[in-house]
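Read-outs: derived from the displayed coordinates by stated rules, not from any lab. Model, not experiment: these values are computed from the prediction. Counting neighbours? That spans all protein chains shown, and the Cβs are built from the backbone with ideal geometry, glycine included.
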Amino acid sequence: MGQYKTHVFVCTSGDSCPTQGNVEQYVKFLRDESVKAGLKADIRINKAGCFSQCGHGPMIVMYPENVWYGGVQESDLKEIFESHIRDGKPVARLIYDPGVKGANKKPGYK
């Protein structure tokens, strides 16, 4: 087992995630929720660089489960926190699966 039960990465850079949502606020919301739930020592919320999936964001990745969320809206954050981060059940409707490994940028993104 790693240092944290769950490690959450929120894409806050790249060509599209920062333009598709207020990703800095996503990080703040998830951090605040983990503190309120008494999970600060178990959950780590990090800002992350580009995941090379531009155009599919905003994106959040959860480890150790290796669950990727795409198209995350601010209105989805409470459900992600309560269902996945707190209770361990991924939010199926938001799971991102490009079908192939590696960079999967939509046309028009560098």
Pulled fully out, how much extra length does the chain show between Glu65 and Arg86, if you take 0.36 nm times their separation in residues and subtract their Cα-Cα distance?
-> 6.2 nm
Going by how many other beta carbons lie within 10 Å of each one, how would you line up Tyr63, Tyr26, fewest first?
-> Tyr63, Tyr26
Any chance you could give the angle, 0 to 90 degrees and rounded to 10, that helix 23-36 forms with the longest Cα principal axis of the chain?
-> 10
Ordering of 84-90, 4-10 by packing [mean C-beta count within 10 Å, highest first] = 4-10, 84-90
Segment His7-Gln25, length gained on full extension (0.36 nm per residue, minus Cα span) | 4.7 nm
Return a whole-number percent for the relative contact order of the range 1-106, with Cα pairs under 8 Å and 6 or more residues apart as the contact set.
-> 31
Checked against the positive end of the charge dipole of the range 6-94 (+1 on Cβ of Lys and Arg, -1 on Cβ of Asp and Glu, about the Cα centre), the farthest of Ser83, Gly55, Asn22 is Ser83
Tally Lys and Arg at +1 and Asp and Glu at -1 over the other residues with C-beta under 12 Å from the C-beta of Gly21: what net charge comes out?
-> -3
Lone cysteines in the chain, going by a 4.7 Å Cβ-Cβ cut-off?
-> Cys50, Cys54
Considering the convex hull of the alpha carbon atoms of the range 6-94, report its projected area averaged over all viewing directions, in nm², one decimal.
-> 4.9
Between Asp97 and Gln73, 0.36 nm times their residue separation minus their Cα-Cα distance comes to what?
-> 6.9 nm
Ranking Asp15, Asp97 by Cβ neighbours within 10 Å, fewest first, what do you get?
-> Asp97, Asp15
Report the charge-dipole magnitude of the chain in Debye, nearest 20, computed about the Cα centre from +1 at each Lys and Arg Cβ and -1 at each Asp and Glu Cβ.
-> 220
